[in-house]
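The structure appears below as C-alpha cells.
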Amino acid sequence: MATQMTDGHRRFLQVLMSHGIMEGSVARTLHRDCCEIHKVYYAHDKLDDFINVVNIHLQPFFMQIRKGMSEDDGKTYYALVNLAETEITKMASDYTENELELFRKTMDAIIVSENGFASSTNILNLADQLKIKKMKKKEAEQVLQNLRDGEYTLHTRCIMEMEQYILSNYQDLVRKCNICHSLAIQSQVCETCGIGMHLPCAGKYFKAQMEPHCPHCNEFWPHEIPEINRPDSQLPSGAPRERRGTSSSGTRRR
Amino acid sequence: MAQKRRSKGPGPAQGEDAAADEDSAPTQGAGQVQRSLERLSPAQVDQKVSELVQYLLVKDQKKIPIKRADILKNVIKDYKSVYSEIIKRAGRNLQQVFGMQLVEIDAKNHIYILVSNLPRLEGENLKQDDCTAKLGLLTVILSFLFMKGNAAKESAVWEMLRRLRVDPGYLEYNRIPHTDPPEFEFQWGARAARETSKMQILRFVAKIQSKDPKAWSTQYNEAAAEEAAVGGLSQDTSTPGDTGGPSQGARRRNW
C-alpha cells in the first residue's frame with residue numbers, strides 16, 4: 001500500500017480543511033473525485049486507508065483526520081482536528097479570552113448534566129457570573145444577544161476534537177457508550193445498572209426488538225427506542241425542545 | 001483596510017501590530033547557518049519547523065498576510081540563527097503535505113501568504129460560507145479594474161466598495177501622483193495576483209457577457225502574456241479582433 005502523499009491526498013486535505021467537518025457520503029464523493037482528477041489509485045471502500053496516508057504525514061503537526069459519529073443521526077463524519085493545545089493553536093481561536101471561558105463553563109454544564117444539555121437560562125447565568133468577575137458589560141450583552149432560547153449541546157465536531165480532553169479531564173463524570181465505547185454526551189441510561197448508550201447506537205442495537213433488555217443486566221430497557229434509517233425520525237425526549245450546537249473553541253474555519 | 005483585531009488575552013499575540021522593529025533576521029550565509037544547525041539537535045530544529053507550519057496554517061486561515069517579524073517573535077524565538085533553514089523546510093513540508101506554497105508578496109517588508117499549488121477547478125466543492133459572497137464580489141471588482149486598464153479611479157469603484165471590508169493584499173489603494181485635490185486609485189494587490197490570473201478573470205468577464213475573451217484584444221493579449229511568462233498552458237495567440245468581437249480596433253472597451 002502506497003504511503004506517499006499524492007495531489008489527490010492534498011486536494012482532499014485542502015477541501016476538508018476548508019469545511020472543517022464533512023459527512024461520510026460527502027467525504028466518499030470527495031475521495032472519488034480527488035483520485036479521479038489526479039489519477040490516483042482508487043477503491044471505493046478504501047477511504048480510511050486513503051485517510052491514513054494523510055494522517056501519517058499530519059503527525060508531526062499534531063493534526064489528524066478523525067472519524068466519528070454524530071450523536072444526532074448516527075451518521076459518520078470526518079473532521080480535521082488538533083491533537084495538542086499549544087501556544088500556536090491558541091492563536092487559531094476567533095474568540096476572546098472571556099468567550100472561551102464562557103464556553104468552557106458551558107461545556108462543564110453540558111457534560112455533568114443528566115441529559116447532555118445546558119439550557120439557555122443556565123448559560124445566561126454563567127455569563128452573568130463571568131460578568132461580575134471579568135467580562136465587560138458590553139461583551140456579556142453581545143453573548144446574550146446571540147443566545148437564543150433553547151437547549152444547547154456540543155456539536156459533533158467539538159466532541160470529535162475534544163474527546164481525549166474530556167475523557168481525561170472529567171473521567172468518572174462522563175459516560176462511554178456501552179455499544180461503541182466512545183464518549184457519550186447524550187445517552188440513554190439503564191436505570192438499574194447505570195450503563196449508557198448513544199441514541200443511534202441504542203436504535204441499532206434494539207432494532208425491531210419487541211421487548212428491549214439491557215445488554216448488561218438484562219433488565220427491561222425503559223426508554224423509547226429511537227428509530228433509525230428515517231431522516232425525519234424524532235428523538236425521544238421529555239419535553240419538546242429546540243436543539244442547537246455549540247461549536248468548539250478550537251474550531252477551524254477555513 | 002486594516003482588519004479589526006480581537007484581543008487574544010495575555011500572551012505574545014498582543015504585540016503583533018507593533019512596528020517591525022523585531023524584523024531583524026540577520027543575513028545568513030550558508031556556512032553560518034550550517035554551523036548553527038550543527039549545534040542544535042535535529043529534534044529541536046524539527047520541532048521549530050513543525051511549529052512554523054502550524055503557525056502559518058493558522059495565520060493563513062484568517063487571510064491576513066504573515067509578517068516575518070511575527071514569525072520571528074512568535075515561533076522562531078531563540079532559533080534566529082537558523083531561520084532561513086527553518087523557513088525553507090517549513091515551505092517544503094507545506095508543499096509535500098498540504099499542497100500549498102509559501103509565497104513572499106512583499107520582498108521589502110517580508111510578508112507572506114499561503115497559496116494552493118493544486119490546479120483550481122471550476123465548481124470545486126470548497127466550503128460556501130459568508131466569505132463566498134465577498135469573494136464573488138471581489139472577483140467582480142478585480143474584473144472591473146482589469147477591464148478598465150488595470151486601474152480605476154476611486155470614485156468609480158467606491159460605490160461597490162462602500163460596504164465591503166476587503167481582506168488585505170487583494171487590492172492596492174494608491175494615490176495618483178500630481179493630482180490636486182489628491183485622488184486615489186485601486187489596482188490589483190499582490191495576493192490577488194497570486195491567487196488568480198488575468199486570463200481567469202477575463203474568462204469570467206467573457207462568460208458573464210457571453211462573449212469570447214478575445215473580444216477584448218488588449219486585455220486578452222495582456223492575459224496571454226502573463227500566462228506565457230508564468231509558464232502556463234500555451235494559448236494560441238491569434239491576432240487581435242479576428243474572432244468576432246465587434247470592435248476590431250485595439251482600444252480599451254468601456255465596461
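Read-outs throughout are calculated quantities, based only on the coordinates presented, and are distinct from any laboratory measurement. Predicted model only: the values in this text are computed from it and were never measured. Positions of Cβ are generated from backbone atoms using ideal geometry, with glycine treated the same way; all protein chains shown enter the neighbour counts.
Mind checking segment A:156-231 for GluC sites (Glu not before Pro) that DSSP puts in a loop (not H, G, I, E or B) and that have at most 15 other Cβ atoms within 10 Å? Those satisfying the criteria are A:191, A:219, A:224, A:227.
Here the residues B:211, B:148, A:39, ranked from fewest to most Cβ neighbours within 10 Å of their Cβ, fall in the order A:39, B:211, B:148.
Please give me the summed charge of the neighbours of residue A:38: other residues whose Cβ is under 9 Å from its Cβ, Lys and Arg +1, Asp and Glu -1. Please list the in-between numbers first.
Working: positive: A:10, A:11, A:39; negative: A:7, A:36.
That sum, taken over residues with Cβ under 9 Å, equals +1.
In this simple spin-label approximation, residue A:191 and residue A:145 carry label points 7 Å from Cα along the Cα→Cβ vector, and these lie 4.6 nm apart. Per residue of peptide B:60-66, the mean number of Cβ atoms on other chains within 10 Å of the residue Cβ is 2. Once R0 is set to 22 Å, what does the formula 1/(1 + (r/R0)^6) return for the Cβ-Cβ distance between residue A:37 and residue B:44, expressed as a FRET efficiency to the nearest 0.05? Here the calculated transfer efficiency is 0.05. Among the residues of A:14-24, the average count of other protein chain beta-carbon atoms within 10 Å of the residue beta-carbon is 3. Can you pick out the pairs among A:39/A:67; A:176/A:207; B:62/B:198; A:46/B:88; B:108/B:214; A:39/B:48 whose Cα atoms lie more than 27 Å from each other? Distance filter (> 27 Å) returns A:46/B:88; B:108/B:214; A:39/B:48.
How crowded by other chains is A:58-65, given as the mean number of beta carbons from other chains within 10 Å of each beta carbon?
Details: counts 2, 2, 8, 10, 3, 4, 0, 0.
Mean shielding count: 4.
Computed from the C-beta positions of residue A:207 and residue A:52 and an R0 of 35 Å, the FRET efficiency is 0.70 to the nearest 0.05.
Could you tally the net charge around residue A:189, taking each other residue with its Cβ under 15 Å from the Cβ of residue A:189, Lys/Arg +1 and Asp/Glu -1? Walk me through the numbers on the way to the answer.
On the way: positive: A:175, A:176; negative: A:71, A:114, A:172, A:191, A:219, A:224.
With Lys, Arg at +1 and Asp, Glu at -1, the net is -4.
Arranged from fewest to most other beta-carbon atoms within 10 Å of their beta carbon, A:38, A:181 become A:181, A:38.
Kindly put B:135, A:154 in sequence by how many other C-beta atoms sit within 10 Å of each C-beta, fewest to most. Before the final figure, lay out each step's value.
Working: B:135 13, A:154 26.
Least to most surrounded, the residues fall as B:135, A:154.
Under a Cβ-Cβ cut-off of 10 Å, what is the net charge of the residues other than residue A:220 that fall near it, where Lys and Arg count +1 and Asp and Glu count -1? Each step should come with its number before you reach the end.
Numbers: positive: none; negative: A:191, A:211, A:219.
Once all neighbours under 10 Å are counted, the net charge is -3.
Taking amide H positions as modeled 1.01 Å from N, with prolines and chain starts lacking one, the residues under 5 Å from residue A:179 and 5 or more places away or on another chain are A:198.
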